[in-house]
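Take a look at the structure below.
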Amino acid sequence: MKYLASAAIVMLMVSSLGCKTTDRTSRIAVDDYVEMTAVMAQSLRQSDAFAERSAESEPWIVSFDKVLNLSSEIMTQGEQWGVVALVRGAQPINSLWGDKRVAFVIPAQYAIDRRGTLDAERADKGFGSERSVTHTITVTFRSVTRVAEDGQGRTDVYACEFQMLDLNSNEPVWLDVFEFKRTATGSVRD
Amino acid sequence: MFHGRSPFDRVRAVSVLVLVLIVTAGLGCQSGTRPSPHGKMRVGDFAGARDLVESQVEDDLGNRRYMLDRMQAGVLNLDAGDVRQSERWFAEVYDVLRTQGLNEDRTVRSVIFTEGVKVWKGEPFEQAMALVYYGFVQASQGSWDNARAAASNALFYLRDFEPEEEGKPERRIDTQEVAKRAAEYEARQRGETPEFDDGDDYLDNGYVAEENNFTMAYLLHGIASQQLGRDAEASDYFNRVVKLSPAHRPLVKQLRAGDYNTVVVVADGLGPRKIATGPGNALSRYQPIDTTQTPAKISVVGQSPFEVPAVTNLNQMALDHRWNNLEDVRVAKNVIGNVLIAGGAIVIAEAIDEESWEFAAIGAGIAALGLLAKGTAKANTDYCDVFPQRLFVAALNITEPDTDITIEMPGVWPPGGSTLRSLTPPLTNQAAFYYLRIPTDRDLDPNAIVDVTQPVTEGSLP
């Protein structure tokens, strides 16, 4: 009997370890973007545009040009560019410089704005002028929302679309869409 | 209980009962009131009203007023012309709105005791209004994509989440259906023949999924979609606006033609107040404060003045979308309370006749339970008291720098009205957005001028 009770307790503990934590919001999380950067770097490496490139290639400077939010999620401009900064600063993306000679930069004006007004006034004329941007990337967020009939659960599927444009040819050289799904439980309206 | 005991025991027992009655009666009382910003708002001192509200903001997420304070601060900052600060408050409001089940562990307490123990998230129409205001904030900064998302969210929170009743015709379409219709529309645009499951009698392009009567949200969504170059989507939302409010046909016609470069939203009056009413004050309802119905008169220097009807009247919205999921519980508690008090009184009366202290004590206990039930049955009347009564929208063409726009309320507002000063044509191909809150004191100096901070029309980002 004693052994049976012990076994039951152990089984209960093990089963509780396997339980998924309950999310209360279906908003995109930083972890989603972190995971996305690894997949994105892989997608870039496997693309036709990057296949021929090596550490000896002529450098590409890719500037994040525009972020468009077509999702149902309100993402302030600060949040939108925060995501861009996160992607740009991620190790898998940075590593593309080492073997593909591709560097990603954020727009000069955005960096100036982030520094504050006084810095912006001092830096406005020169900052970023030494860059010779060869490509731009536009980022578009989309989403689809599904809510349980009784309002007790919500799922959002987000699609983050990246399109890289060659400024010389004005042709897109890479396009990919990364999707993540977030589910939250609990009353939507409380 | 008291029979055969000492007089001291009887006094002690009666004292305990009296204490219980006092405590239970106190449970039904509202928490302490705060100074109202209405006085400052009525004379156009929106910055003063904002400062008053911001000085009392609760920072504990578990506090009932956490979101209410932020919602008020967000509205009043926009009223005062501080768009950036308004955005900070609304971002926090949005965080709370997007957090589900916040009150889940409080539901039992709220049913047994009082609704006041729940974190305030507002009625559906208050949530929707807050999101539309967040949309105004985004549009003021040139973020039409976020204005679109905010309008979409506002419509989402007015959605009926109740399960469909048996026999009730299906009236909602889900996102898959929206996607299907949009895909079919795009197929038609490409010259292909889409396959329809249920006939090709769609009235629109399939973008408008949720149907309610929040015209302001549909209009904001339509304008924002148009500013993003999504004309088919904009058209659907404009269709809905005309359907809801035929008086706005001329405005929609102008918008469809793209004959504007500036959008002005005017907020007038004070929205309805929430009061407790009915048996035992167990019900809540919204009571109008301002009831003005006149249109707004818009005058642009060098152009003919014109009148615009209100797009949204909060008095009406409060009636249409009031959320009352605890009302049944409150009414039941009130009825139970009445029965228990009456029953307790009968038991006490009989106990006195029979000189039985035990029965008297039981009767008092029953009555105390009745008072507890009644005391906690009172409806909670917390509400966002800074929303306007009405919202107006005007689409304008500003072609000259330093253009003044004057807004009057004919028949109500004294001549002179309020002025948006020194507007300039937008620097980009997207329309500029301005918001103006009109003081609500009908006897105010007619020459009062309300200055607003110039919005960021081109955005600070490349």
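The values are calculated or read from the model by the stated rules, or taken from the named source; none is laboratory data. The structure displayed is predicted, hence computed values, not measured ones. Methodologically, a virtual Cβ is constructed for each residue, glycine included, from the backbone with ideal geometry; neighbour enumeration extends over all protein chains shown.
I'd like to check something: does the range A:70-78 contain any residue that is within 14 Å of chain B (Cβ to nearest Cβ) and either part of a strand (DSSP E or B) or of a type in the set (Lys, Arg) (or both)? So far as the range A:70-78 goes, yes, one or more of its residues are within 14 Å of chain B (Cβ to nearest Cβ) and either part of a strand (DSSP E or B) or of a type in the set (Lys, Arg) (or both). Please go through (1) surrounded by fewer than 23 Cβ atoms within 10 Å (Cβ to Cβ); (2) at pLDDT below 85 for B:LYS121 and return the number of the only condition it doesn't satisfy. For B:LYS121, the exception is condition (1).
Of all the criteria given as (1) away from every other protein chain (no Cβ under 14 Å); (2) modelled with pLDDT of 90 or more; (3) surrounded by fewer than 16 Cβ atoms within 10 Å (Cβ to Cβ), the one not satisfied by B:ASP69 is (3).
Identify all residues within the range B:408-430 that are at positive phi and at pLDDT 70 or above; write none if there are none. Matches in the range B:408-430: B:GLY417, B:SER422. Per this entry, B:VAL263 is not counted among residues that are more than 30 Å from B:ALA80 (Cβ to Cβ), modelled with pLDDT of 95 or more and surrounded by 19 or more Cβ atoms within 10 Å (Cβ to Cβ). The set of residues from the range A:157-190 being of a type in the set (Asp, Glu), assigned to a strand (DSSP E or B) and either within 14 Å of chain B (Cβ to nearest Cβ) or within 22 Å of the chain's Cα centre (by Cα) (or both) comprises A:GLU161, A:ASP166, A:ASP176, A:GLU179. Inspection of the range A:76-83 finds no residue satisfying the criterion of being under 19 Å from A:VAL173 (Cβ atoms) and surrounded by 16 or more Cβ atoms within 10 Å (Cβ to Cβ). Among helices (runs of 4 or more DSSP H) entirely within the range B:207-268, having at least 3 residues that are closer than 19 Å to B:TYR134 by Cα singles out B:215-227.
Among the criteria (1) among the hydrophobic types (A, V, I, L, M, F, W, C); (2) within 14 Å of chain B (Cβ to nearest Cβ); (3) touching a residue at least 60 places away in the same chain (Cβ under 8 Å), the one A:MET36 does not fulfil is (2). Of all residues in the range B:148-169, those that are within 9 Å of another protein chain (Cβ to nearest Cβ), at pLDDT 95 or above and out of contact with any Asp or Glu (no Cβ under 7 Å at 6 or more places or on another chain) total 2.
Would the range B:179-188 turn up any residue that is at pLDDT below 95, in contact with a Ser or Thr (Cβ under 6 Å, 6 or more places away or on another chain) and within 11 Å of another protein chain (Cβ to nearest Cβ)?
Looking only at the range B:179-188, we keep the residues that are at pLDDT below 95, and these are B:179-188.
Those left that are additionally in contact with a Ser or Thr (Cβ under 6 Å, 6 or more places away or on another chain): none.
No, the range B:179-188 has no match at all.
Checking each residue in the range B:333-346 for being surrounded by fewer than 20 Cβ atoms within 10 Å (Cβ to Cβ) and either modelled with pLDDT under 70 or touching a helix residue (DSSP H, G or I) at 6+ places or on another chain (Cβ under 6 Å) (or both) picks out B:ILE336, B:ILE341, B:GLY343.
List, please: which pairs have Cβ atoms under 9 Å, are six or more places apart or on different chains, and start with a residue in the range B:118-136 that is touching a residue at least 40 places away in the same chain (Cβ under 8 Å) and more than 13 Å from B:VAL75 (Cβ to Cβ) and end with one that is assigned to a loop (DSSP other than H, G, I, E, B) and acidic (Asp, Glu)? Qualifying pairs under 9 Å: B:LYS118/A:ASP190; B:VAL119/A:ASP190; B:TRP120/B:ASP382; B:LYS121/A:ASP190. So in the range B:203-225, with the set limited to residues that are within 14 Å of another protein chain (Cβ to nearest Cβ) and at pLDDT 95 or above, which one is surrounded by the most Cβ atoms within 10 Å (Cβ to Cβ)? Across the range B:203-225, the extreme among qualifying residues is B:LEU220.
Residue by residue through the range A:140-156, note down the ones that are β-branched (Val, Ile, Thr) and more than 8 Å from every other protein chain (Cβ to nearest Cβ). Spell out how you get there, then give the answer.
Taking the range A:140-156 and keeping what is β-branched (Val, Ile, Thr), we get A:140, A:144-145, A:147, A:155.
Within the range A:140-156, A:THR140, A:THR155 qualify.
Take the residues in the range A:16-28 that are closer than 22 Å to A:GLU179 by Cβ and away from every other protein chain (no Cβ under 12 Å); name whichever of them is modelled with the highest pLDDT. Going through the qualifying residues, I end up with A:THR21.
What residue, of B:ALA368, B:ALA394, B:ALA349, is out of contact with any Gly (no Cβ under 6 Å at 6 or more places or on another chain) and either of a type outside the set (A, V, I, L, M) or at pLDDT 85 or above (or both)? It would help to see each step written out before you state the result.
Details: B:ALA368 fails: either of a type outside the set (A, V, I, L, M) or at pLDDT 85 or above (or both); B:ALA349 fails: either of a type outside the set (A, V, I, L, M) or at pLDDT 85 or above (or both).
Criteria check complete, one pass: B:ALA394.
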